[in-house]
Amino acid sequence: MPNAKKVLVCDDELYILESVTYVVRQEGYTVLSASDGEEALRLARAELPALMLLDIMMPKRNGFEVCGELKSDPLTQGIYVILLTAMGQERDMDEGYQSGADEYMTKHFSPRSLRKRLHELLD
């Protein structure tokens, strides 16, 4: 059962990882972070966050692979996955949804919209 106040942020760009983590923490949620796909899978399985903000272009395993693996596992399929990426073309979005993503958010998003979405999903 996912933890309703836990969010896993996965991005290999340090600036994005730090800024998204900051916004999530400011809103009162517990934040975990990963900088590659293998670490993201390991943390998701160990911690069962309610929400995962997942970059697509990452080392070791890309976001599509991570999402597909999580959504095919009964233990982790309930984690709400938002692909957070610079890849905003329609074919990328289609592949994201085919991998099981619940939502697709393109960079550069506003911190205000991220805050709003966090509260809509987790409160």
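Suppose the filter is touching a Cys at 6+ places or on another chain (Cβ under 9 Å), within 12 Å of residue 84 (Cβ to Cβ) and buried (at least 19 other Cβ atoms within 10 Å of the Cβ); does residue 55 pass it? It would help to see each step written out before you state the result.
On the way: touching a Cys at 6+ places or on another chain (Cβ under 9 Å): yes; within 12 Å of residue 84 (Cβ to Cβ): yes; buried (at least 19 other Cβ atoms within 10 Å of the Cβ): yes.
Judged against the criteria, residue 55 is a match.
Restricting attention to the range 87-115, and to residues there that are free of Cβ contacts under 8 Å to residues at least 12 places away in the same chain and surrounded by 13 or more Cβ atoms within 10 Å (Cβ to Cβ), which single residue is farthest from residue 50 (Cα to Cα)?
Residue satisfying both the conditions and the ranking: 93.
Inspect the range 70-86 for any residue being surrounded by 19 or more Cβ atoms within 10 Å (Cβ to Cβ) and among the aromatic types (Phe, Trp, Tyr) and give the result as yes or no.
No, the range 70-86 contains no residue that is surrounded by 19 or more Cβ atoms within 10 Å (Cβ to Cβ) and among the aromatic types (Phe, Trp, Tyr).
Restricting attention to the range 63-111, which residues are at pLDDT 85 or above, among the small types (Gly, Ala, Ser) and not in a loop (DSSP other than H, G, I, E, B)?
63, 68
Could you grab the pairs with beta carbons closer than 8 Å, sequence gap of 6+ or different chains, first residue in the range 39-62 and on the phi > 0 side of the Ramachandran plot and part of a loop (DSSP other than H, G, I, E, B), second one crowded, with 20+ Cβ neighbours inside 10 Å and of a type in the set (Gly, Ala, Ser)?
These pairs meet every condition: 60/37.
Out of all the residues in the range 96-114, which are touching a helix residue (DSSP H, G or I) at 6+ places or on another chain (Cβ under 6 Å) and not hydroxyl-bearing (Ser, Thr, Tyr)?
Across the range 96-114, the qualifying residues are 100, 101, 111, 114.
Exactly one of (1) hydrophobic (A, V, I, L, M, F, W, C); (2) modelled with pLDDT of 95 or more; (3) farther than 20 Å from residue 111 by Cβ is unmet by residue 56. Its number?
With (1) hydrophobic (A, V, I, L, M, F, W, C); (2) modelled with pLDDT of 95 or more; (3) farther than 20 Å from residue 111 by Cβ applied to residue 56, the lone miss is (2).
Could you tell me how many of the residues in the range 3-50 are surrounded by 19 or more Cβ atoms within 10 Å (Cβ to Cβ) and either over 17 Å from residue 83 (Cα atoms) or aromatic (Phe, Trp, Tyr) (or both)?
1
The values are calculated or read from the model by the stated rules, or taken from the named source; none is laboratory data. Computed from a predicted model, the values in this text were never measured in an experiment. Quick reminder, even Gly has a Cβ in these numbers, built from the backbone with ideal geometry, and neighbours come from all protein chains shown.
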